[in-house]
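Colleague: If you scroll down you'll find the structure; I have some questions about it.
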Amino acid sequence: MPLKNPSSTGKLISFEGSEGSGKSTQIAHLARHLQEAALDVVTTREPGGTEIGEQVRNIIVHNSKGDEMCAETELLLFAAARAQLVREVIAPALLSGTIVLSDRFLDSSTVYQGVARNLAMGPVHDINQFAIGNVMPDLTIVIDVPTEVSLARIRQRASDLPDRMERENIDFYEKVRKGYLLLAKSMPERLIVIDGTQAEAVIQKQIWQAVQKRLGLGTSGKTSASTASATAAKKPAAVAKTKISASIAKPAAKAKTDATKPGKKSIGRTKSKTLKR
Ligand code: TMP
């Protein structure tokens, strides 16, 4: 059963990037812009965004047995959380014409599990597809920061110990960064890269301009099918098999884990409806 009605005016915008790239801050800014344009907005995150998804998130990132989790299990857990989020939150929101902003979506699995953990791209792609059905992002904003910046920001976070993913080494995060840049290059119709080292206000402006230009949102106060149809990114992007350069798909780094940190940041819903977190 299709989860997304192609004629629906709802849009899915995903944010991607390494830890500390500033996604959460920029999602909040974009949500505000969209609301000021009288659009309905829901923000969510992956893994998480539903009660089941948040429980899965805890298993992945705050698991005392995390050292023993193999990359395949990790991929399937992320996919499980994603499948739930799509069916419980994203698809219904899109069908009702809402703009959904997601802090991470399928591209995180392509890059973290496919590229950085070196899982075969075929299964990663197929499992992603199974999880999302026909719900592809209309636009994906990759916020790019150099790996050293990303690691420094992780260390600076006021919250307590780094979680299981955050304790990966610099090689892992180099692969993540390169993976995103390659992915964006291979699908420019869906992904745009924003330089995350710029001032917050500059990034905010660039994202808002891209959303207006690519999706026609906020230009006339409401999403209009006619405005949106004039943009290149209107249709759910074709689900092309991701071509990631073999040169960066080196043998997987073993997950270094054993975190027990309780749930960290959460993304709130920007409308009055209650979003299960
Ligand atoms: P966050 O800290 O940005 O919320 O993301 C949680 C961690 O999970 C982050 O290190 C990225 C990672 N991740 C994956 O490895 N694969 C995925 O599919 C997703 C959604 C996240």
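The values are calculated or read from the model by the stated rules, or taken from the named source; none is laboratory data. Keep in mind that this is a model prediction, so the values were computed, not measured. Positions of Cβ are backbone-derived with ideal geometry, glycine not excepted, and every protein chain shown enters the neighbour counts.
Colleague: Picking from S24, S18, which residue would you name as being near the ligand (Cβ under 9 Å from one of its atoms), within 21 Å of Q204 (Cβ to Cβ) and outside any helix (DSSP H, G or I)? Before the answer, list the steps.
Modeller: Values: S24 fails: outside any helix (DSSP H, G or I).
One residue alone meets the criteria, S18.
Colleague: Okay, moving on. Take S18 and decide whether it is of a type in the set (G, A, S) and closer than 19 Å to R153 by Cα. Full working, then the answer.
Modeller: Values: of a type in the set (G, A, S): yes; closer than 19 Å to R153 by Cα: yes.
So S18 passes the test.
Colleague: Only one residue in S24, S14 is within 24 Å of A184 (Cβ to Cβ), in contact with a strand residue (DSSP E or B) (Cβ under 7 Å, 6 or more places away or on another chain) and surrounded by fewer than 22 Cβ atoms within 10 Å (Cβ to Cβ), so which one is that?
Modeller: Details: S14 fails: surrounded by fewer than 22 Cβ atoms within 10 Å (Cβ to Cβ).
Result of the check over S24, S14: S24.
Colleague: May I pose another question? Quick one: in the range 158-181, which of the residues that are out of contact with any helix residue (DSSP H, G or I) (no Cβ under 7 Å at 6 or more places or on another chain) and surrounded by 14 or more Cβ atoms within 10 Å (Cβ to Cβ) is modelled with the lowest pLDDT? Give the steps one after another, and end with the answer.
Modeller: So the first thing to find is which residues in the range 158-181 are out of contact with any helix residue (DSSP H, G or I) (no Cβ under 7 Å at 6 or more places or on another chain), and the list is 158-161, 167-169, 171, 181.
Among the residues that remain, those that are also surrounded by 14 or more Cβ atoms within 10 Å (Cβ to Cβ) are: 167-168, 181.
Numbers: R167: 79, E168: 82, L181: 98.
Only one residue fits best here, namely R167.
Colleague: What strands (runs of 3 or more DSSP E) lie completely within the range 88-205 and have 1 or more residues being of a type outside the set (A, V, I, L, M, F, W, C) and within 13 Å of the ligand (Cβ to nearest atom)?
Modeller: Values: elements: 99-103, 139-144, 191-195.
Because the criterion is at least 1 residues that are of a type outside the set (A, V, I, L, M, F, W, C) and within 13 Å of the ligand (Cβ to nearest atom), the strands (runs of 3 or more DSSP E) in the range 88-205 that meet it are 99-103, 139-144.
Colleague: Could you give every pair whose Cβ atoms fall below 7 Å, whose first residue belongs to the range 196-216 and is among the hydrophobic types (A, V, I, L, M, F, W, C), and whose second residue is assigned to a helix (DSSP H, G or I), counting only separations of at least 6 or pairs across chains?
Modeller: Correct list of pairs: I203/Q26; I207/Q26; I207/L30; W208/L30; W208/H33; V211/L30; L215/A228.
Colleague: Let me ask something additional. Among the residues of the range 42-69, which ones are more than 11 Å from the ligand (Cβ to nearest atom), among the β-branched types (V, I, T) and either assigned to a helix (DSSP H, G or I) or free of Cβ contacts under 8 Å to residues at least 12 places away in the same chain (or both)?
Modeller: Selection gives I52, I59.
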